[in-house]
Every structure is written in C-alpha cells, then in structure tokens.
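Take a look at the structure below.
The values are calculated or read from the model by the stated rules, or taken from the named source; none is laboratory data. Remember, predicted model here, so these are calculated numbers, not experimental data. Glycine also receives a Cβ, built like all others from the backbone with ideal geometry; neighbour counts cover every protein chain displayed. Only protein heavy atoms, including side chains, enter the accessible area calculation; ligands, DNA and RNA are left aside. Shrake-Rupley method; radii C 1.70, N 1.55, O 1.52, S 1.80 Å.
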Amino acid sequence: MAEDLSILKGSKQEQYESLIPQIQGLLHGENNLIANLANISAALKEQFNWWWVGFYWIQEDELVLGPFQGPVACTRIKKGRGVCGGAWEQGKTLVVEDVEKFPGHIACSSTSKSEIVVPVFKNGAIVGVLDVDSELLAHFDETDRVFLEKIVGLIP
Ligand code: SME
C-alpha cells in the first residue's frame, strides 16, 4: 500500500475507524515485529498527535522500550511497576485519568498527565504493552480502550 497516511478529522471513533484499515494495510504481508510496531506507533502519532505513543516488550522479567514516537523514555520497567508494569501484571488495559494520582506511576516526562496502557497478547500470553501518554488530563476513555485493543490485536 502507499506509505502516505490519510488523516481524518472527526470524532474519536471516526478517526479510529479511518485509521484501522490503513494500519491493516501497513501490516499486510510484513511479519517483522520491529517494523510493524514502528509503523503502528507512527500511524497513531500522525492521526492523534499524542505526546508519547509506543511499545514496551517483555524480555525475561522486564518490559524493555520498543519502537515509539515522542520524547526519550525510560528503557526498562519491572512487572507491577508504574502503569505499564501494572497492565502487564494484571493482564488488562489500564486507563489513568491523572497519572499523579496513580500510585507508583513512572514519570518519564513531567508533561504527561494521563495515560492508557494496553496489553498485547500472542497465543493467549502477554508479550508486551502499548503505552500512550497525553499532556491533557483524562484524555483517554472507553473508546480508546476498545479501538487500541483492536489495533494491538492486528499485530501478526
Ligand atoms: N508512565 C509509564 C512509563 C512509561 S513512559 O510514560 C513512556 C508508567 O508509569 O508505566
């Protein structure tokens, strides 16, 4: 497919609905994990212009920084630590309206105010997380959870 993304203005749901087939196109026929995670991060950044969006991948007993878009970030996160480590431990999406009120939140950037972390599963086992940070409070909701879970489910 063409590498240009078509960016839609509209409701959050409409933006996700326009983006998902384009992400499917980007992933089609490509099984390199780094390439696919990099393009998903870039597509989400281009469409939504979030402060930080990217992946942490499980390596032995830690989450290790993977492809992302945004400012530099901490490279390793232990299970149960921060929002990312919490989503890993609980095996479910965590939506945090105010990161300062989340016990143990890891502040990679003081600009980040709210966050969503979505686990990525492969053959029923968690293999990594998608982390999105916003400079706005309460930026993420159920719509983001539903669509971001769909998007990580597309990773081959
Ligand atoms: N805030 C995250 C750490 C990762 S950075 O935000 C990119 C956390 O608490 O897990």
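Data overview
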item	result
The chain, accessible area per residue, ligands and nucleic acids excluded (1.4 Å, Å²)	51
Leading residue at positive end of dipole, the chain (Cβ point charges), from V53, G104, I7	G104
Per-selection metrics, the chain (Cα): Rg and Dmax in Å	14.5, 43
Spatial separation of Cα centroids for the stretch 67-120 and the stretch 1-66, in angstrom	18
Debye, to nearest 20: dipole size of the chain, +1 on Lys, Arg Cβ, -1 on Asp, Glu Cβ	280
Mean residue ellipticity (222 nm) of the chain, computed from DSSP H runs ≥ 4 via -39,500 (n - 2.57), nearest 500	-10500 deg cm²/dmol
Accessible-area composition of the chain, carbon plus sulfur, in percent [1.4 Å probe]	50
